[in-house]
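Any read-out appearing in this document is the output of simple, stated calculations on the displayed coordinates, not a laboratory observation. On a predicted model such as this, the values are computed, not experimentally measured, just so you know. Because the Cβ atoms are built from the backbone with ideal geometry, glycine has one as well, and the counts that use them run over all protein chains shown.
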Ligand code: F0G
């Protein structure tokens, strides 16, 4: 089967080629820059609070926004409505066993619901969870259950510019030292996140996962794999880890999951518009968690999902093993990353999964971290392009016990590429507007909070500009682009 990488252009240029055709479309609108200024101000300079009517390209996330396949849509029409014992659930279970190699499945309505159940079951106050790196909702659930985290990336993994193919790897020596220092009894789980989201969608290697798993078995600590972006991680293993060059993505997925006691995922990212699951082959693990599903999610055969979503998930999971499907987003990301790099724009390298990650501290050195450079860049980029990205920096972080911002390790603007949604000309538009913004980057200033929720503040928090920089930026845009949108 040919995939996105296999077509060579006569020109020698590396262009990602779509291995699908578009058969259902949604009309888009590009509001003029004056409307965009009004919109971002109304949204408190938080792109989460924009309405999609105000957005041209919605690159906030890939969560629940990947394009569905014809096979998924077809399967949704053949769902078996039943509160208990639905055949749709059986089909989802079969797909999970086939793709992840896990027999027991607890369905949940989305990824963080899986985290809720896992944390309630395994954590007690004072527990510490070692992980390659946290995700926002994971950290929130661990803290809500009195736990702490230890992030054990290898040295240099947070460097923006890098040739390390596996920045998501865990440092095994640090893991052993942590378990010895804290005591096995205080380490109820070890967590590995596939395509490590907050550091730029960066994968771990299968060799590293095997080492983590070996240590986990030595100390008899269950290993949990956050598989929300596992397809991309498997794709990168095939691309970048020589041992697996000739393996299929399907085989790599099975080998990855075989190392973990618990595999959980947000199906919003993996394969459908909603849902998720906790999967295991261990009856003790399954029994420990199963009573929480009816309590928080729904009966054990739907877990808060509709049967149509369950059918879409089953088909979508199998499609994840198709390289031309799972490779689409990474190849577009790699294209945009290489184009932005060519313009001297600081971006996370190597290109990862999920999105193109622009380094806001490198882009806006004049904006101090306490004025949220990634938030400012997200707002500025929306203003000059109508493209909505997501802040992944200190706004997405928390405050310490003294009320001070815990400054994020990295300040990133994430431009997500939901699978098979955007075209190459749209990608070139993003490149062009980002290039222009980079030439006028001195105009961009900082942000400050005016409304700040205590938990997961980045979702609903509102900010304002620290000066009239948004107006000045808009004026510069008009001067350079005339009447153009
Ligand atoms: N784990 C990872 C690695 C994730 O990326 C996400 C969600 C979750 C867990 C939680 O899943 O949203 O279904 O509850 N990531 C989305 C994003 C929100 O935009 O990166 P959820």
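Would you mind calculating the gained length between residue 250 and residue 296 on full extension (0.36 nm times residue separation, minus the Cα-Cα distance), in nm to one decimal? Could the numbers behind the result be given before it?
Numbers: separation 46, 0.36 × 46 = 16.56 nm, distance 3.20 nm.
Extending this stretch completely gives an extra 13.4 nm.
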What distance in nm lies between label points placed 7 Å from Cα along the C-beta direction at residue 78 and residue 185? 5.4
Just how far, in whole angstrom, is region 272-334 from region 114-134 if you go by their alpha carbon centroids? 20
Peptides 256-268, 116-128 ordered by average Cβ neighbours within 10 Å, highest first: 256-268, 116-128
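For Cα pairs less than 8 Å apart in space and 6+ apart in sequence, what is the mean separation divided by the residue count of region 148-195, i.e. the relative contact order in percent?
Details: 23 pairs, mean separation 16.7, N = 48.
Relative contact order of region 148-195: 35 percent.
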Using only alpha carbon pairs under 8 Å that are at least six residues apart, calculate the relative contact order of region 133-173 and give it in whole percent. 37
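If I take every Cα pair under 8 Å that is 6 or more residues apart in the chain, average their sequence separation and divide by the length, what percent do I get for the relative contact order? Could you put the intermediate results ahead of the total?
Working: 1030 pairs, mean separation 110.8, N = 485.
Dividing the mean separation by the residue count of the chain yields 23 percent.
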Mind checking the angle between helix 469-481 and the chain's longest principal axis? C-alpha axes, 0 to 90 degrees, to the nearest 10. 70
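Sort 248, 397, 88 so that the residue with the fewest other Cβ atoms within 10 Å of its own Cβ comes first and the one with the most comes last.
Numbers: 248 15, 397 20, 88 26.
The order, fewest Cβ neighbours first, is 248, 397, 88.
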What whole-number distance in Å separates the alpha-carbon centres of region 139-192 and region 372-409? 23
With r as the distance between the Cβ atoms of residue 404 and residue 342 and R0 = 56 Å, compute the FRET efficiency 1/(1 + (r/R0)^6) and round to 0.05. 0.90
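How fast does region 1-74 diffuse by Stokes-Einstein, in µm²/s, taking the Kirkwood radius from C-alpha pairs at 4 °C and 1.567 mPa s?
Working: Rh = 15.9 Å.
Rounded, D is 81 µm²/s.
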How far, in degrees from 0 to 90, does helix 206-219 lean away from the longest principal axis of the Cα atoms of the chain, to the nearest 10? 50
Distance in Å, no decimals, from the C-alpha centre of region 68-93 to the one of region 217-240 is 27
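Quick check on the exposure proxy: order 33, 249, 7 from fewest to most C-beta atoms within 10 angstrom.
Details: 33 20, 249 23, 7 11.
Neighbour counts put them in this order, fewest first: 7, 33, 249.
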Based on the mean of other beta carbon atoms within 10 Å per residue, what is the order of 470-481, 272-283, most packed first? 272-283, 470-481
Over its alpha-carbon atoms, the chain yields an Rg and a Dmax in Å of 22.0, 66
Nearest-ten-degree value, helix 230-240 long axis tilted from longest Cα axis of the chain: 80
